[in-house]
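Below is one structure; the comments refer to it alone.
The values are calculated or read from the model by the stated rules, or taken from the named source; none is laboratory data. Here the structure is a predicted model, which is why all the values come from computation and not from measurement. Don't worry about glycine lacking a Cβ; one is built from the backbone with ideal geometry, like all the others, and counts go over all protein chains shown. For the accessible areas, the whole protein counts, side chains as well, though only heavy atoms, and no ligand, DNA or RNA atoms are used. Shrake-Rupley method; radii C 1.70, N 1.55, O 1.52, S 1.80 Å.
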Amino acid sequence: MRSVINYIKEILWGVRTLWTGMRVTGGYFVSPGEIVTQKYPENRDELKMFEGVKGEVIMPHDENNQHRCTGCGICQMNCPNGSIEIITRKEMTPEGKEVRVIDKHIYHLDMCTFCALCIKTCPSNALAFGPEFENAVFDKTKLTKILNQPGSSIKKDIK
Ligand code: SF4
Ligand code: SF4
């Protein structure tokens, strides 16, 4: 007799918990309020990513195609995965002084774990996370990127 009572109690408990869940779902169905989900990829054209999204490491450039990278190599040394390669070259200033400039800041997105060490340790604040996240490719060499743009130069106030 006791086991029958327990059995009925369990059924009633199950119905109650089911009702609780369905009440939340039903309420949202009738009156959704603020919609937080997005219809991706249908909304690709108007999709706005949230601030702070870690899509990939980027090197911001200003409207004069200037960046903040000195080519010091600290990001390369600090990256735990070897995702960054810095290639520099020497240039002569108009005053006849030889200076190091970045030739290529190579970023292997396929090896990046988005730990942000490169961004946090860059003394010039030259790197950031960008929101681009659609990085599925058939050819993984496409995930190797040159972060300094063609023809770009360093901002004058960066030493
Ligand atoms: S991104 Fe920053 S840390 Fe890396 S080479 Fe350029 S200045 Fe140095
Ligand atoms: S985010 Fe981390 S893993 Fe990715 S390039 Fe920077 S240091 Fe390397």
Checklist entry - Given Asn78, Phe50, Trp19, which one lies farthest toward the positive end of the charge dipole of the range 19-99, if we put +1 on the Cβ of every Lys and Arg and -1 on the Cβ of every Asp and Glu? => result Trp19
Next on the checklist: At 7 Å along Cα-to-Cβ for each site, give me the label-to-label distance between Ser153 and Thr141 in nm.
Outcome noted: 3.2 nm
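Hey, got the dipole for the range 101-159? About the Cα centre, +1 on K and R Cβ, -1 on D and E Cβ, debye to the nearest 20?
Details: 8 positive and 6 negative charges, 56 e Å.
For the range 101-159, the charge dipole is close to 260 debye.
Among the GluC sites (Glu not before Pro) in the range 1-102, which ones are in a DSSP loop with at most 11 other Cβ atoms within 10 Å of the Cβ? Mind listing them? Kindly include the intermediate steps, with their values, before the conclusion.
Details: sites: Glu10, Glu34, Glu42, Glu46, Glu51, Glu56, Glu63, Glu85, Glu91, Glu95, Glu98; in loops: Glu34, Glu42, Glu51, Glu63, Glu95.
Passing both the DSSP loop test and the Cβ count: Glu34, Glu42, Glu51, Glu63, Glu95.
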Next on the checklist: Which of Ile146, Ile35, Ile102 ends up with the largest GNM mean-square fluctuation for the chain, with Cα atoms connected below 10 Å?
Outcome noted: Ile35
Checklist entry - About the Cα centre of the range 1-99, what is the dipole size in debye to 20, counting +1 per Lys and Arg Cβ and -1 per Asp and Glu Cβ, all else neutral? => result 880 debye
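How much accessible area per residue does the chain have, counting only protein heavy atoms and a probe of 1.4 Å, in square angstrom? Write down the numbers at each step before the final one.
Working: 12040 Å² over 159 residues.
So the chain comes to 76 Å² accessible per residue, rounded to a whole number.
For the chain, what proportion of DSSP beta bridges, expressed in % and rounded to the nearest 5, is antiparallel?
Working: 15 of 17 bridges.
Here the antiparallel bridges make up roughly 90 percent for the chain.
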Item to check | All aspartates and glutamates inside 20 Å of Lys140 as judged from Cα atoms, apart from same-chain residues fewer than 8 positions distant | outcome: Glu56, Glu85, Asp110, Glu132
Checklist entry - Nearest 10 degrees, 0 to 90: what angle lies between the long axis of helix 2-30 and the longest principal axis of the chain (Cα atoms)? => result 50 degrees
Next on the checklist: If you roll a 1.4 angstrom probe over the protein chains with everything in place, what fraction of the accessible area of the chain belongs to carbon and sulfur, to the nearest %?
Outcome noted: 58 percent
Checklist outcome for this item: By the C-alpha gyration tensor axes a ≥ b ≥ c (rounded if a/c is under 1.5, else prolate when a/b exceeds b/c, else oblate), the shape of the chain is prolate
Checklist entry - Out of the range 15-70, which chymotrypsin sites (Phe, Trp or Tyr not before Pro) are coil in DSSP terms and have no more than 11 other C-beta atoms within 10 Å? => result Phe50
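Report the net charge of residues surrounding Val137, where surrounding means a beta-carbon distance below 12 angstrom and charges are Lys +1, Arg +1, Asp -1, Glu -1. Mind dumping the intermediate values first?
Details: positive: Lys140, Lys142, Lys145; negative: Asp110, Glu134, Asp139.
Once positives and negatives cancel, what remains is 0.
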Checklist outcome for this item: Mean-square fluctuation maximum in Gaussian network of the chain, Cα pairs under 10 Å, restricted to Thr141, Thr37, Thr25, hits Thr25
Checklist outcome for this item: If amide H atoms are modeled at 1.01 Å from N in the peptide plane, then the residues at a separation of 5 or more from Ile154, or on another chain, having amide H under 5 Å from its own are His67
Next on the checklist: Just to confirm my numbers, what's the Cα centroid distance between the range 116-149 and the range 67-101 in Å?
Outcome noted: 16 Å
